[in-house]
Amino acid sequence: MKTPPRIVPKIIIGVVIFVVALIVIFNSVVVVQAGNVQVLTQFGRTIGVTFSPGLHFKVPFIQSTVNYSTRQVTYETSDHPETSRANYKDFSVDTTSSDGQQVQLKYTIRFSIDAAQAEWVLNNIGTMDELVEKIVKAEARSLARNIPKKYTAFQLYSEQVFDVQEELETTLTPRFSANGIILDEFLLRKIDFTDEYFTVLEEKQIAEEKIVVERNILEQERIRKDQTIIKAEAEAEQISIRGKSLRLYPEIIQLEFIQKLSPNISWGILPDGVVPLIDLGDLQKDMDIIDTPEPPAQLEQEIEAEPLDEDIIE
């Protein structure tokens with residue numbers, strides 16, 4: 001059975017109308033995903049409307065939207081950006097320290113778009129990609145080149161690297177805020193130095209350790225010198241006190257004299273003005289015992305065996 005000729009055009013027109021209606025409907029509905037906002041434009045200009053997450057409607061073919069992510073976004077620099085999993089990737093920043101050492105900075109910036117300023121961002125800066133290129137990348141790389149130049153290589157190598165990170169973050173925060181960006185965190189992941197610097201650093205460390213050793217030796221010498229001086233001062237003080245004591249108490253001289261004599265001598269302290277008497281008999285006995293040697297045993301035997309001369313006996 002053939003379709004009447006008049007029905008065919010009606011079917012075609014119906015299909016066309018249905019397709020156009022679907023296009024109009026889909027073009028009229030705006031679904032904003034969580035973590036995003038969309039700025040509504042009409043004939044290319046903003047009209048003061050920003051769609052928050054949810055279902056919205058707009059005039060088809062006349063109005064359109066520009067999407068901005070309000071979620072946390074990462075911008076990261078590294079030697080091999082292709083391996084990074086950040087939203088926006090870039091190469092490391094080359095700069096120099098205040099003492100002329102070449103260094104490379106690798107850092108990560110976590111940020112998000114201020115939803116309340118999304119329309120201003122679109123009017124003054126552009127899309128999300130343009131915002132990252134013009135503000136996040138440009139500001140961060142500029143500061144990453146200039147701020148480290150205020151520090152020596154050794155300061156960048158030591159704990160003062162945290163001061164560099166803090167200064168970068170505190171300087172970036174107001175600049176981002178003025179452009180509708182909320183800086184969540186600035187992470188200075190690593191600072192790379194040249195091999196030549198590590199050689200210089202090693203030599204410097206060895207020299208510093210040598211200085212410390214020499215200082216310790218000098219300190220030990222100083223301590224020994226101080227000890228010698230203290231000992232000499234103590235001995236001088238002791239001699240002074242002894243001299244003063246002898247002047248006040250001359251009997252001490254007599255006492256020491258007696259103490260140095262033979263231990264078998266009897267002595268005593270006499271009243272003032274009386275010369276002490278010494279038992280010379282005991283002293284002589286002691287001297288005889290000390291001075292008279294004992295005859296050898298062989299000589300004594302010869303004396304006993306030899307007969308006496310009779311004339312001598314008579």
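Yes/no per residue for (1) of a type outside the set (A, V, I, L, M); (2) touching an Asp or Glu at 6+ places or on another chain (Cβ under 9 Å); (3) closer than 19 Å to PRO174 by Cα:
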position: GLN102; (1), (2), (3): yes, yes, no
position: ASN123; (1), (2), (3): yes, no, no
position: THR127; (1), (2), (3): yes, no, no
position: GLU133; (1), (2), (3): yes, no, yes
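For region 166-189, residues that are touching a residue at least 24 places away in the same chain (Cβ under 8 Å) and under 21 Å from the mean Cα position of the chain (by Cα) total 5. Of everything listed in (1) farther than 30 Å from LEU40 by Cβ; (2) surrounded by fewer than 16 Cβ atoms within 10 Å (Cβ to Cβ); (3) modelled with pLDDT of 95 or more; (4) not hydrophobic (A, V, I, L, M, F, W, C), the single unmet condition for LYS150 is (3). Taking (1) without any contact (Cβ under 8 Å) to a residue 12 or more places away in the chain; (2) under 22 Å from LYS190 (Cα atoms); (3) not small (Gly, Ala, Ser) in turn, ASN87 satisfies each apart from (1). Annotation note: Cβ proximity below 6 Å between a residue of region 61-84 that is closer than 30 Å to ILE25 by Cβ and a residue that is modelled with pLDDT of 90 or more and among the small types (Gly, Ala, Ser) (sequence gap 6+ or interchain) occurs for TYR68/ALA118; THR70/GLY35; THR70/SER112; THR70/ALA115; ARG71/GLY35. Across region 89-135, the qualifying residues are those that are assigned to a strand (DSSP E or B) and among the aliphatic types (A, V, I, L, M), and the one among them that is surrounded by the most Cβ atoms within 10 Å (Cβ to Cβ) is ILE109.
Selection of strands (runs of 3 or more DSSP E) fully inside region 7-70 by the criterion of at least 1 residues being not β-branched (Val, Ile, Thr) returns 36-42, 45-51, 54-57, 63-69.
Considering the conditions (1) buried (at least 16 other Cβ atoms within 10 Å of the Cβ); (2) in a helix (DSSP H, G or I), PHE186 is excluded by exactly one of them, (2). For region 144-157, the criterion of being in contact (Cβ under 8 Å) with a residue 12 or more places away in the chain, of a type outside the set (S, T, N, Q) and closer than 30 Å to SER52 by Cβ is satisfied by no residue at all.
The condition of being surrounded by 11 or more Cβ atoms within 10 Å (Cβ to Cβ), at pLDDT below 90 and not hydroxyl-bearing (Ser, Thr, Tyr) holds for only one of GLU235, GLU251, that being GLU251.
The single condition from (1) touching a helix residue (DSSP H, G or I) at 6+ places or on another chain (Cβ under 8 Å); (2) of a type in the set (Val, Ile, Thr); (3) surrounded by 14 or more Cβ atoms within 10 Å (Cβ to Cβ); (4) over 30 Å from SER158 (Cα atoms) that VAL59 fails is (3).
The values are calculated or read from the model by the stated rules, or taken from the named source; none is laboratory data. Predicted model, so just to flag it, every value in this text is computed and none were measured. Neighbour counts run over all protein chains shown; Cβ positions are idealised from the backbone, glycine included.
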